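Only one structure is covered here, and it is reproduced in the block below.
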Amino acid sequence: MVNTVSFVFHAHQPYRLRHYRVFDIGNNHYYFDEEKNKNILHKVRDKCYLPTNQILLDLLKTVKDFKIAFSITGVLLEQFENYAPEVLESFKQLASTGKVEFLAETYYHSLASLYSFNEFQEQVELHKELIKELFHQKPKVFRNTELIYNNHIASQIASMGFKTIMIEGVDRFLGWRSPNYVYKAKNVDVKLLLKNYRLSDDIAFRFGQKSWVGYPLTADKYSDWISSSIGEHVILYMDYETFGEHQWADTGIFEFLKVLPFELKQRSINFATPSQIAKKQPVDELDINQTISWADTERDTSAWTGNDMQRQALQELYAMESAVKACNDETLLKHWRLLQLSDHFYYMCTKWFADGDVHKYFNPYNTPYEGFIAFMNALNDLALRVRKKLLEEIVKQQALNVSKLSKNSSIESFNMQSQTFQNFALQTSLITENPGSLAAEMLSLVKTFSSKRFSSNAKQD
Amino acid sequence: MKVLMLGWEFPPAYSGGLGIACQGLAKGLTSLGVEVTIIIPTAPEEFENPYAKVIIADKYDNIKIARIPSLLTPYASFHSYKVRYERYMASKIRNNVVLYGKTLLEEVQLFKHRVLALYYNNLLPEFDVIHAHDWMTFPAAVALKNASKKPLIVHIHSTEHDRSGGLGYNPKVFELEKLGVEKSDKVIAVSNYTKSLIMKMYNIPSNKVCVVHNAFEMPYTDVKVEKHHKVVLFLGRLTLHKGPDYFIRAAKIVLQYVPDARFIVAGTGEMEPYLIELAASLGIAGKVLFTGFLKGADVARAYKMADVYVLPSVSEPFGITPLEALSLETPVIISKQSGVSEVLNHVIKVDFWDVEKLAQSIIAILKYKALHNTLKKHGCLEARSFNWVKPAEKLLHVYNQVLGGLNG
């Protein structure tokens, strides 16, 4: 029977795009709806973050061995800093109890693990640094965006130095096995912590559902379910916004949370953070050769990559990586990364669109089509900016090189140098439909510049 | 269940969408075991229709009709009649037949007398309910209800608001539409949009109006076209209420971003000269092509040729054309002021007056291949799921309701 429970709360708020129009491309670069993002953050602060943090703080102080874990995205922590520093303070207070663990993840709540190992690694590193800076902890357990996972991601995570990853307990890979044990990844020394989705979703999705057979869910009843489960431990992983935002205060969710640890203690259930659970020995290996996630009933990645629009948007976005990074421009990099939020692609999902369920609830657009249009317009504008910046950089470089050439260097050596830059341009294989055109454009700029240079040299002679 | 419908046209003797909708409903009802009889005012000759027994009222002119001299005066600037008169002229050429009388209002009164005469001469089959389509049949329907004491359902396929483009109603038509709505036991509206118009115009309660969305059938599915440009299509009558001027104004903006696009305006109507001038004055005349009136397979070809079909109606009770376009795998942009937007998810919806949003949606579809593909794929599936059984089931429910209400 289960004797340990681990609570993991995932907090995130997207940077929603405004209805960025095709007419805005090249004219302004305000992709994000600052006002809306701020207002929503304030709403969730009042309904969820502050009251729930207070309840948890009280519990951590009164229940001796009570522990919890948070997985908070970098973009949310950033929004706290900008719009609601008091929330950040209250999280720091929680951290200072020493009974709160913070998990590692991608800073930008991105799908980078599926598209670019480099970018994936950089974002995990950025997030790690931020957690260290804010909460003075070095995260030991990794959790990928949307609990996206496959064997390959395990290897990538291992190469970043992690030994544990939290994933969804997907039935089709578990088969007869229970999620309530530690497992091991295929071919690599990484432990897998599995979310128990039934017990997690009882709170996250079904708590206030009057048509549900388990309604009303009391802490008493729920603790019985946990203590009578088969296995060693139960990992409860859910959106932190469950408390007060997805499940409103009038459902009794806060009262439930307040007494749950006491009810669990009465049944001799202990609390552990994910890294404590990871100390256990794995009972078996899980070979996950398809990509899984925690979304919808399919628990695959179709919520973000299921249709042509999503695939085109993602493909074009990640194709820009080398070009964006070659710019050495903080703002461009930041905007590119903010466009990586998985939320943008979720809004383009057509799967459940007609049925109007959870996808619609979270969608700031009326239709997936409007979401796609706004995104692609913004991406096109970013591509223009990157292109312009890159050209400037290259011309600047060239100018520097040409100025280094001595008066007597031959036009041949100059042309050779030009060729080098042309090759570089081709390698950066830009966003444009025709990467060669950028190279040509550069070459002509370089030629114009050099002809001026050589003619002025000639005059001096 | 036996229903007696009063209609204005019925395939194959029809000139517009009303006849097609009536036939579709009859087809659906027949499949549910309902016996459908429909009386129409006139037709070139007697004909059979697989879905309903058709009675052509003017084929019984040997019956003595007590003609009361009409007090209605011919209405000179009577717009909707004018449109029908134009169609009549067209149909006269096509069928060598006269469909309508001197004025539409006279025809409407004449129909009433003929229907009553049919009833009193026992020339109508037995029926349980009367189901009347649009205002032209309402005087006949109300008279028949009074004579037979059978329940009456009036079906609004378009309101005077739609026909006038919201620019002032014809008082006589308004009066007749009102008469039907008030004297009926139940009103059927083709959309929630139409329902709310009816409630506002005639001040009737919500629970008297039941919404039954139309369905459609596309006869042509396999057409081949060749094209060399991106094509944006408008197809419909060139009247105020279809919003073709918004289409031209959007074209002006789109062409700044997609200069090689072509805009096709298919249809005829009173606004045609104005629209041609508008395109010229905006400097885009060379890229806006007017095709005139299209029919049959040419309509299908136009849809097929288009990269996007646009219906920017100012006021559209339902709107079949977006469904036709979608069923031929052409993405659609429709105005929120159209009834069909209530039953379609995989289309882009804009306010008819929001030319900028319309233009930007067109640009996005032309520019982003994946958007075009996704709209096409999902939209086509959605459109092809429509059939006439669903609306017929709702109608049958309403029939049972009014009968139960009268008997109990």
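A short reminder: the numbers here are calculations on the coordinates, not readings from a lab. Note that the structure is a prediction, hence the values are computed from the model and not measured. Glycine gets a Cβ as well: all are built from the backbone with ideal geometry, and neighbour counts include every protein chain shown.
What fraction of the DSSP beta bridges in the protein assembly as shown is antiparallel, stated in percent and rounded to the nearest 5?
10
Local charge for residue A:29 was computed over the other residues whose Cβ lies under 9 Å away, with Lys and Arg +1 and Asp and Glu -1, and equals -1. Please identify which residues in the range B:1-33 have an amide N closer than 18 Å to a label point set 7 Å out from the Cα of residue B:58, following the Cα→Cβ vector. Taking a point 7 Å out along Cα→Cβ of residue B:58, the residues of the range B:1-33 whose backbone N falls under 18 Å are B:6-16, B:19. Its DSSP H runs of at least 4 residues, each contributing -39,500 (n - 2.57), put the calculated 222 nm mean residue ellipticity of the protein assembly as shown at -14500 deg cm²/dmol, to the nearest 500.
Would you mind getting me the FRET efficiency between residue A:255 and residue A:30? Use the beta-carbon distance for r and R0 = 45 Å, nearest 0.05. Kindly include the intermediate steps, with their values, before the conclusion.
On the way: r = 43 Å, r/R0 = 0.95.
Once rounded, the FRET efficiency stands at 0.60.
For a Förster distance of 56 Å, can you work out the FRET efficiency between the beta-carbons of residue A:118 and residue B:297, rounded to the nearest 0.05? Before the final figure, lay out each step's value.
Numbers: r = 55 Å, r/R0 = 0.98.
After rounding, the FRET efficiency stands at 0.55.
Distance cut-off 19 Å, Cα to Cα: go down the list A:128/A:334; B:252/B:304; A:92/A:163; A:67/A:258; A:67/A:163; A:221/A:258 and report the pairs above it. Violating the 19 Å Cα-Cα cut-off are B:252/B:304; A:92/A:163; A:67/A:163. Other protein chain C-beta atoms within 10 Å of residue C-beta, averaged over A:309-319: 2.
When the gyration tensor of chain B is built from Cα positions, what are the square roots of 5 times its three eigenvalues, in whole Å, from largest to smallest?
Details: eigenvalues 291, 103, 77 Å².
For chain B, the semi-axes come out at 38, 23, 20 Å.
The order of the peptides B:223-236, A:239-252 by mean Cβ neighbours within 10 Å, most packed first, is A:239-252, B:223-236. If R0 equals 41 Å, the separation of the Cβ atoms of residue A:178 and residue B:369 corresponds to a calculated FRET efficiency of about 0.35. Cross-link reach is defined here as a Cα-Cα straight distance under 17 Å, omitting same-chain residues fewer than 8 places apart; for residue A:132 the aspartates and glutamates meeting it are A:78, A:81, A:89, A:101, A:105, A:122.
I want the local charge near residue A:243. Using Cβ-Cβ distances under 15 Å, sum +1 for each Lys or Arg and -1 for each Asp or Glu among the other residues. Present the calculation step by step, with values, prior to reporting the outcome.
Details: positive: A:43, A:45, A:47, A:206, A:258; negative: A:46, A:58, A:201, A:202, A:239, A:241, A:245, A:250, A:255.
The answer is -4.
Measuring between alpha carbons in the structure, the pairs from A:351/B:230; B:230/B:336; A:186/A:280; A:195/A:351 lying more than 21 angstrom apart are A:351/B:230; B:230/B:336; A:195/A:351. Each label was represented as a point 7 Å from its Cα along the Cα-to-Cβ direction; for residue A:397 and residue A:93 these points are 5.2 nm apart.
A Cα-only calculation for the protein assembly as shown places Rg and Dmax at 34.6, 117 Å.
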